[in-house]
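The structure appears below as structure tokens.
Taken together, the values in this text are just the output of simple stated rules run on the coordinates, not laboratory data. Since this is a predicted model, take the numbers as computed values, not measurements. Because the Cβ atoms are built from the backbone with ideal geometry, glycine has one as well, and the counts that use them run over all protein chains shown.
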Amino acid sequence: MRLTDMKDEWPHMPESMKVQVRDLVENESGKADLQTGRGRRSRKKMIVLAAALAASFVAITVGANGLVRLKEKKAGSYGRATIVDTAGTKAPSVLQDVDISFDRLPDGYAYQKQGGQTFRNEVLKDGSDSNLAAAYAIYLDKDGSTDLITANVTSGRKLTVGDHEAVIYQRGASISQGAGTEAYVIYPEYWLAVQVQTRGDVSEEELSTLLNGLTVTPTGITMQYGDAVTLSQWTMKDASLASGQRTFRLAGTIGDTVSFTGSMQDGTDVPMEAAVTEVHAYDSLDVLGDSVPDEWKNDVGADGKLADNTLTYYIAGDGINTQDQLVKTETVKQKLVCATVEFTNASDEDAANVNFVTELRRILVNSDQTLEEKPEALASQDLGAYIKGFADKYGYDTIRSTGHGTEYEMGWFDVSQKDGSTDGSNYIPHMSAGETVTVHFAWIVDESDFPNLYLNVNSHVGEGDNLLIGIGSVLNTEG
Amino acid sequence: MTKKQLGELITESQESLYRVAKTILIGDADCADAVSETIVRAFSCLGTLKNDRYARTWLIRILINECRNIQRRGARIVPFDEVPEREFHRKENYSDLYKAVMTLPEEQRIAVALYYMEGYTVREIASMEGTTQSAVKNRLLRARRTLKTLLGDQLEDEE
């Protein structure tokens, strides 16, 4: 026998299965007549027939007079609400997973697809490593509908994209988001709204090309509502503050050894110790040699030293009822703060890919010894707008800076796992039992924060204290 | 393509659908489920078929996805080498070639079935499986070597 004769060697379809196929084809073909629209009586019959089948997906009639409609209305003084009206339409029992693609690209655009199964994000890059446009799949909820709010709308219009209703808004710039466009296209057949966002420098013609090439293709995979991103989830307010609560504890100063539980990349706990052995401040980035992060180079002035940081204080508007309010501007000096930390594997077993997260915190120690982050630090992290009463107490809730002097995350460090075996670079590749590994860190810091500077050697949220090592009092200027 | 035309295509292709399903799933009950789900989905998604020329390929692609959905659900799937021998001989008299192909890894089985049984090109198979032509060629090569080892002189060399 030959492989090309395989068909003769393969099992044949049982007769009973052929009968099943015939009946199913007859049923499905017969649906076409009922769907050509003969009024409410025909529609009701189609839905009943679909429910009677073992099918897991119910087709929704769509068209200019379809059952699912797109509406929009004013939201507050500055926003617009997009409403997907599904009244009188039965939601499908399961959802259809889809691929979203931009099948036509304007000249000079490149295409990059990201995203997982239920939340597809098609991103276009213009070669300058910045995103020009993105599309997001937002499934409609099974019950009820939630308005999609677009903030800072300067103009808008309804249109059709192919056969699908759509709405497009022009957005003005705010401190939380740049200017651009936001469009919603509904696909009732997939119980889906697609949001398309473009950056402010995308032209009308380019936007038209992108929208006209927007394609939604089912993958053949079905999903439960709980597995998909739906309208109600999409419009949920950001819970970042609630999820980012930390507890801090003063643990020592330079030279003190602190103990904590670290972890390996696979999640295994590792008893660890850390000691901050040295801290220095410099006027320039020269001490980093050739390893200066690209984004830090903009902080260097014409004289080769770190330029001043300009801080602009705002009360953030929501773009619906209020707009951003500029409160004040101030200029502060920036320094490069370098710290040496010795991490020790305090267990009696070797450890691989040991994670480290060492953040620079600006902390106020109150008279009752309670600790809190400086309000300027919270406002720089965009957390002030989420804290009730923050703006009333301090007169601002958001800070924007021209430099990196307000940042707290690790911007530069000299020990990392680079072979791609971890999900980031902040891992010590290997620590034998009892071994000490030295890691050097560097941050650009506003000099005005020096008195309140602490190194948080085991930064994490949730359970356990974040240990703070005071470094502000010993900073010297060098270089 | 109209629904009537789709119905005709499905009827013409039903053996093909069964053969491919039988390559991925083993039990006839699962194959029946996969074929049924494929038919329903094809009718409901007919609007996504952009070119009638590729209708058959489109149909097979839906079938492969449905087979994988059934595998994920874990219902009634019995790994080939775990099928009790008594039941195996009682229900079907499978050919040596079928038994040999069913010992291959799934991706090789699918490539072999689509290439040799259904006559798809390497390029079409790569598109259906969402992989590269090189990967498909690799799968076919490894499959042929394994089948040659298992079947020996029973399997003639290809011209």
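Peptide B:5-18: average number of partner chain Cβ atoms within 10 Å per residue? Write down the numbers at each step before the final one.
Numbers: counts 1, 4, 10, 2, 1, 6, 4, 0, 1, 7, 6, 2, 3, 8.
Mean shielding by partner chains, rounded to a whole number: 4.
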Two-decimal log10 I(q)/I(0) for region B:87-154, as the Debye equation yields it once each C-alpha is a single scatterer, q = 0.17, 0.20, 0.22, 0.25 Å⁻¹: -0.62, -0.79, -0.90, -1.06
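Which links in A:Lys7/B:Lys22; A:Lys297/A:Lys335; B:Lys22/B:Lys50 stretch past 19 Å when you go from one Cα to the other? Walk me through the intermediate numbers first.
Working: A:Lys7/B:Lys22 12 Å; A:Lys297/A:Lys335 13 Å; B:Lys22/B:Lys50 28 Å.
In this structure, B:Lys22/B:Lys50 lie more than 19 Å apart at Cα.
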Gyration tensor on Cα atoms of region A:69-236, a ≥ b ≥ c root eigenvalues, a/c under 1.5 rounded, else prolate if a/b beats b/c, else oblate, says oblate
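Please report, in whole Å³, the volume per residue of the convex hull around the C-alpha atoms of region A:241-478. The partial results should precede the final answer.
Details: hull volume 35.9 nm³, N = 238.
Each residue corresponds to 151 Å³ of Cα convex hull volume.
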Between B:Thr121 and A:Ile83, with labels modelled 7 Å along Cα→Cβ, what's the label distance in nm to one decimal, could you check? 5.3 nm
For the peptides A:277-289, B:21-33, what is the packing order when you average, over each peptide's residues, the other Cβ atoms within 10 Å and list the highest mean first? B:21-33, A:277-289
A:Ser432 paired with A:Arg2, simple spin-label distance in nm, labels 7 Å along Cα-to-beta-carbon: 6.5 nm
Could you tell me which residue out of B:Leu49, B:Thr38, B:Leu63 lies farthest along the dipole of region B:1-78 toward its positive end? Charges go on the beta carbon: Lys and Arg +1, Asp and Glu -1, centred on the Cα centre. B:Leu49
How would region B:34-75 be classified by its alpha-carbon gyration tensor: rounded, prolate or oblate, with rounded meaning a/c under 1.5 and the a/b versus b/c comparison settling the rest? prolate
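Starting with the highest mean, order A:197-206, B:56-65 by the number of other Cβ atoms within 10 Å, averaged over the residues of each peptide.
Values: A:197-206: 15.0, B:56-65: 21.4.
Order by mean packing, descending: B:56-65, A:197-206.
With +1 on each Lys and Arg Cβ and -1 on each Asp and Glu Cβ, and nothing else charged, work out how big the dipole of region B:87-154 is about its Cα centre, in Debye to the nearest 20. Can you show the working numbers first?
On the way: 11 positive and 9 negative charges, 49 e Å.
Dipole of region B:87-154, to the nearest 20 debye: 240 debye.
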Measure off 7 Å from each Cα along the Cα-to-Cβ vector at A:Ser291 and B:Arg72, then give the distance between these two points in nanometres to one decimal. 4.3 nm
Filtered GluC sites (Glu not before Pro), region A:315-372: DSSP coil and at most 13 other beta carbons within 10 Å: A:Glu349
Between A:Thr312 and A:Thr160, how high is the FRET efficiency from 1/(1 + (r/R0)^6) when r is the Cβ-Cβ distance and R₀ = 35 Å? Nearest 0.05. 0.25
Shielding of A:15-27 by partners, i.e. mean partner chain Cβ atoms within 10 Å per residue? 5
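If I take every Cα pair under 8 Å that is 6 or more residues apart in region A:69-236, average their sequence separation and divide by the length, what percent do I get for the relative contact order?
Working: 361 pairs, mean separation 49.7, N = 168.
Taking the mean separation of contacting Cα pairs over the length of region A:69-236, I get 30 percent.
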Calculate, for B:Ala29 and A:Asp143, the FRET efficiency according to 1/(1 + (r/R0)^6) with r their C-beta to C-beta distance and R0 35 Å; round to the nearest 0.05. 0.50
